[in-house]
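The values are calculated or read from the model by the stated rules, or taken from the named source; none is laboratory data. Here the structure is a predicted model, which is why all the values come from computation and not from measurement. Virtual Cβ from ideal backbone geometry, glycine too; neighbours counted across all protein chains shown.
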Amino acid sequence: MSTFKAPKGTYDLLPPDSARYLAVREAIAAPLRGSGYGYIETPGFESVELFARGVGESTDIVTKEMYAFETKGGDRLALRPEGTASVLRAALEANLHKAGNLPVKLWYSGSYYRYERPQKGRYRHFSQVGAEAIGAEDPALDAELIILADQAYRSLGLRNFRILLNSLGDKECRPVYRAALQDFLRGLDLDEDTLRRAEINPLRVLDDKRESVQKQLTGAPLLRDHLCDACKAYHEEVRELVTAAGVVFEDDPRLVRGLDYYTRTTFEFVHDGLGSQSAVGGGGRYDGLSEMIGGPALPSVGWALGVDRTVLALEAEGVELGLPAATSVFAVPLGDEARRVLFAKVTELRKNGVAADFAYGGKGLKAAMKAANRSGARYALILGERDIEEGVIQLKDLESGEQTAVGVNEVVAELESRLG
Ligand code: HAM
């Protein structure tokens, strides 16, 4: 051990477990790639102002959880706490929305940072795969994203997740609801902080996890009963399209997300095996965000799925991903001449697409065979002095233990055919 440890709230991804993270990222990305989403990468930090305006001045993310700092040049930057504001900023900056092909559909994968109180499933550094469809108001687009997330989780073998769906209304109907909710909240027995929150962002109070608060919210007015006709019709169409695709969801009129940019469709994917950090993913429509960060009106919708929590959910369900062994062939040379021959064979196998590894460090037969077994390889290639004289290499099936001598020049073809 060194003097240093991973910072609080972070952890390292190490083999063999790290393979599961790669597989999860890949499984989430695959349906997006197959649906017209192009890959985008943005910097790990942005102007603090982008998140303050985009995510919302009164959200926990902005007030408490941002890693914000001033650079030597005097810029106020923050490690990105989420991806949506950055992706939209990048799309606007590159004028992707002017290329005449809306919606602009983008997907991303990367690290995000929030200074949260660490616990299982909640980290200060975590990883998301996300998708954003920018510049179109169409219920089919909202439905597409929900269906693709469902498909991603199912392709991983995940079963015990639920989809919660709500509409947060738009700039017509939300203010009316907001005022009604505020009236209701003012009459409750709430602490000063919560009352202040009720004045700044009353919807956030609905999300208060404390029993003492939840108890009082039973009769709170619901946005569902205040939606304008346009929002109602839009939401109904999203629900119909998702249902027609055979994707099951639950209407959750109390679903409020932790970011302020949402309008209309909002949803969350929750897994019941995760305890309090049950949201494996979430998203929704953000029709006003572009204007909030100085762009034109660009109604958009997206989601981000948490890779860390998806891996925890797979563990909770006991799902094995059936990952292929990292190495198919392991070479065991005995002596200097054997090293040269086998190293060349390993290089040739790799060029032909066969995953191969080599017993480095001049190991003896016993230690080298141990390394071969540990590698997970199906076959070992063993070469001793007598084999060299006879022009053969010993090919050992590490599963059956069966060993055959194969001609030096035939061994690559033989392995290729055996590995199919
Ligand atoms: P979010 O709900 O804040 O949404 O995060 C999405 C997912 O990231 C969560 O459901 C969770 O799985 C994971 N996550 C968030 N914070 C942590 C943490 N501290 N530790 C581990 N995992 C975490 C967004 O970020 C929006 N940008 C989603 C979106 C995209 N909306 C529209 N487009």
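Condition check ((1) crowded, with 17+ Cβ neighbours inside 10 Å; (2) within 34 Å of the chain's Cα centre (by Cα); (3) not in a loop (DSSP other than H, G, I, E, B)) across all residues:
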position	(1), (2), (3)
188	no, no, no
193	no, yes, yes
205	yes, yes, yes
212	no, yes, yes
219	no, no, no
225	no, yes, yes
231	yes, yes, yes
Next on the checklist: Please pick out the residue among 3, 63 that is among the hydroxyl-bearing types (Ser, Thr, Tyr), assigned by TED's automatic domain parsing to the domain that holds residue 107, more than 30 Å from residue 315 (Cβ to Cβ) and exposed (fewer than 14 other Cβ atoms within 10 Å of the Cβ).
Outcome noted: 63
Next on the checklist: Suppose we filter segment 34-46 for residues that are surrounded by 17 or more Cβ atoms within 10 Å (Cβ to Cβ) and more than 17 Å from the chain's Cα centre (by Cα); how many remain?
Outcome noted: 2
Checklist entry - Any chance segment 328-337 includes a residue that's out of contact with any Lys or Arg (no Cβ under 9 Å at 6 or more places or on another chain), buried (at least 17 other Cβ atoms within 10 Å of the Cβ), assigned by TED's automatic domain parsing to the domain that holds residue 370 and among the acidic types (Asp, Glu)? => result no
Next on the checklist: Go through (1) assigned to a loop (DSSP other than H, G, I, E, B); (2) under 30 Å from residue 49 (Cα atoms) for residue 324 and report which single condition fails.
Outcome noted: (2)
Item to check | Complete set of residues in segment 341-385 that are out of contact with any Asp or Glu (no Cβ under 8 Å at 6 or more places or on another chain) and aromatic (Phe, Trp, Tyr) | outcome: 343, 358, 360
